Structure formats: structure tokens, C-alpha cells
1. Scan the range 114-150 for residues that are in contact with a Lys or Arg (Cβ under 7 Å, 6 or more places away or on another chain) and modelled with pLDDT of 85 or more and jot them down.
2. Only one of these is of a type in the set (Gly, Ala, Ser) and under 30 Å from ILE236 (Cβ atoms): ALA374, ALA424, ALA418, ALA430. Name it.
3. Here is a list of conditions, (1) under 26 Å from the mean Cα position of the chain (by Cα); (2) under 17 Å from ALA332 (Cβ atoms), and GLN381 meets all of them except one; can you say which number that is?
4. In the range 101-113, what residues are surrounded by fewer than 17 Cβ atoms within 10 Å (Cβ to Cβ) and either at pLDDT 90 or above or among the hydrophobic types (A, V, I, L, M, F, W, C) (or both)?
5. Give the range 154-176 a look and list any residue that's without any contact (Cβ under 8 Å) to a residue 60 or more places away in the chain and under 20 Å from ALA139 (Cβ atoms), or say none.
6. Please tell me if VAL352 is in a helix (DSSP H, G or I) and crowded, with 22+ Cβ neighbours inside 10 Å.
Amino acid sequence: MSGADGSSLGSKAGKALGWSFLSTLAARFGTLAIGITLARVLGPTEFGTFAVALVALLAMLSINELGVSLAIVRWPDDPRTIVPTVATMSAGFSVLVCGGFVLLAPAFAEAMGNPAATGPVRVLALSVVTNGLVSTSAALMQREFMQGRKMIADQVDNWLGALISLTLALLGWGAMSLAVGRVCGSLAGGVLLMTFAPQRLRFGFDPEVARRLIRFGLPLAGASLLVFAVGYADQIVVGHVLGSTALGFYVLAVNLSGWPVAVFSQPVRAVAPAAFARLQHDRPTLNRSFVTVAALLVGLTLPICLLLSGAAPSIIRFVYGDQWETAAIALAGLGVLAGLRIFFELVYDYLVVLERSRAVLAVQGLWLVVLVPAMWIGVQQDGLRGAAIALVAVAGVVVLPAYLWMLGRSGVRLLDLARDLWPAVLAALAVGAFAVLAQRNITPDLGVLAAAGTVAVLVVGLYGYRRRRVLGELRRTPAGPPVPVPAGQPDPARHTGETSTGSPVMGRDIEEHA
């Protein structure tokens, strides 16, 4: 590749990444108010019914179209030769998956403790067909770095779906309002994706191409199913054991705990992989850079995560109302898990640069094997509190040591990492402790949030000021394209509910896409 071509590609990738990040932020902040309104209008019971249907949709998407559309993004030759076959296979597999879940919807809803979710599950299954039809167009846009136009389609999808859901909820449609709004939004967004795509959607079938696509897609679909299982085993266990109303409380807590991950982790991950990649031939410098960035990221995010944990009841009551206060039981533990997840994601980026993504995927398998029985025992013993404790315990006792062991094998000095991290961890613990004290001694809830939030902002601001040199270096690092993940190995640290091509169809954050 010539210098000019490389510069042009880097410019396109940087712009695409910027548009993608802007789209994510717009989706999260833009629909927050609508999501809060929906939660207040529907209440935990109806919200829980939709949460059951949402888990079903995400299971469908994890195996939908077998991941063959992603071949367009990674195809070394002209993708036009495979587009018709990809489109046919994607649409065909999607229809099969949709039909299967329509038939299995009653059994799935019964297993999740809410037969009333059968209707929303069947309606949401229609989104799978839409996803299969537009996946080829979305992949072509991703290959050409057309994230600006894709952002338009994504925002139409999010906003139209949210507004339709809100309207129907106010008219008394209950959980079905969320399902219908989701399908309408995905249809509108899909039409725009096909309109914006650089090539028209064409169907055809080449047996040789199909065989190559299946060899490419099957490992990816299997790995995606594993990532889904790790990401949603907790919700499946909670729904099956405690019922859909408890699942509604739990999903709301999961959504809130994910905000620090999305708001703080994503900007750093936009530039850290590019910085790591440039240093991969200088391992001592790369390892020191990882330690420095890890300390910065933990110092900026862990205080916010522990603020969520310490002030959980006040946050839930103030934002969503008293009827949702039960969600605070889970949020207290999930805030801690969010801090661990942020660190795990940075470790993942570092290990992928070193081409050790298979080892990371193995950690996901270990995570799942330990998590399911731990969740089952925790939920049986102590309900939502037991679920959160089980999640944090498995992440801290099993996953964290596994990642640290991999870092040590990769050359990172764990004593240096501990020395750089302990000030950030102590500062975060101080914020969490103050939030707990404020929760116990200050009324009303707004006073708790004002006091604890002020302390958290001061701590984060002071830490950021002391690390301003590192922040400056990160800002000056040109953002590269997303970290490449080998075929058959999706990013195990990122489970956002997106398709393999990045088309948003119901993420883990239920209120964002509601």
C-alpha cells in the first residue's frame, strides 16, 4: 500500500470511527429521557415482560445469518462477487431463525416465567428478518467507512422506534408497545441502510462461494453464541428463577451500570488500540504504556462506578421513581462489575494487538462455565442481591486473575501495574464510602446525589489533572480503525447487542432502544 493510499485509508477510518462514536453517544443520551418516561409509564411488570422478549431477540441475533455478512468487510478481493450469495444466505437463515422462534415462543416465555411474553417475542422475531435483509448493505457501508450515513439510519431507527413505543405505551399497549416500536424502527432504519449502501441489494447463489462463506461464518456464529451466553446468562437465570418482574428490575440496574462503560471507556478505546499497535514492535514500551493507560482509565471511571453502587437507592428513586427502588439491590453490585468490565476491555485491546485473542476467548468459556452455577446458587439464596454478588465474585475471583495471568505472560510487570493502580483504587473506594454515608445520613435523594456527585467529580477531576500528561498524549494519538478481530473470534469484551455488521438492533441497554 502506498503512503498516499495509507494516509487516505487512515483518514477514512478515523472519520468513520468518529461518526460511529458520535452515533453511539447520540443514541444513548438522546433516548434517555424517553427511556425514563417509558419505565415510569409501564412499570416493572410490563417492562419485565419486554425484557423476556429482549433476551429472546438477542439470542436470535447471536446466530442470525451465521455471520456470513461480515465476510464482505474482510473479503480480500472485490466484494461484488459475493454480495448476491451473501444476501441470499443472510435472508434465508434469518427467515429460518424467525420461524423457529415464532414456534418456540410459548415454551421460551414459559421457561422465563412469563407466558404473557409470547406475543412480544413473536413480534420481535420480525426484526430478525429485517436484520438479515439489511446486513449485506450494512456490511458494504462498513467496508467503505460510510459511518456518517449509517449514523443517520441508526438515529432514525432509535428515535422512530422510541417515539412509537412511547405513543403506544401511553395508549395502554403495555409490553407490546416496546416490541412494535422496535420493529418499526428497525424497518425504517433498514430501508435507509439499503438506500445509502454503495450497491443495490441483489440476490443470487454461487455454491462455491456459499461453501467458503459457511466455513467463514460458522466459527463466528459459534463464538457469537458463546459471547451471548456470557453476556446474558445472568438475565436468563434471573428470569427463569425469579420471574419477569424481577427481571425488569434487574435489567434496569444492568442498564444504569453500563453507562460508565459506554461514556468513559469508549473514548479511550478509540485511541488506545492504535497507540498499542504502533508500539507492538517495542514490547517494553508497549507494556509500560498499557500500565499507564490502565491507571488513567481506572482512575477516571472506577469512582463513578462505585458512586453508582454506594448511592444506588437514591439514584433509582430520583431517576425512575419509587416503584423501581428494588432495582437498587442489584445496582449496588453491578456498579462494581462495571469497573471490572472497563479494565477487562482494555486488557482485551492490548491482548488482541499481541494476537492473543484465542486465549481471551478461552477466558469467556471459563467465565460461562463458572458463572451459570454461581448465578443459580446466588439467585436461589438471595434473589437479586445474590445475582449481583455472584456476578462480582466470578468476575473478581475467576476472570480478573485469568486476565492478570495473561498480562504477566505477555510481559506486563504486575507489580508495576499494582503500584500505578492503587491510588486510583483507593480514591474510588473513598468515593464509594462517602456515597454510602451520604445515602444513610442525607435526605432527600437529590441531596444525596448532589453531595456524593460533587465528591466524585472532584476526585475524578483531581486525578485527571495529575494525569494530564497522559491525557494529552492520548488526544494527540490519531484514532485508528477498530481493533481487528480474527475470523471466528468476535470481541468477547464488547457485547452490545449489535449485529456482526454493526447494525443496532436492541442492545443490552433496554431503555436505550426501547
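1. Residues satisfying the conditions are LEU124, SER127.
2. On inspection, the qualifying residue turns out to be ALA374.
3. Just one mismatch for GLN381, condition (1).
4. VAL102, LEU103, LEU104, PRO106, ALA107, ALA111
5. VAL156
6. Answer is yes for this residue.
The values are calculated or read from the model by the stated rules, or taken from the named source; none is laboratory data. No experiment lies behind these values; they were computed from the predicted model shown. When we count neighbours, we look across all protein chains shown, and the Cβ atoms used for this are built from the backbone with ideal geometry, even at glycine.
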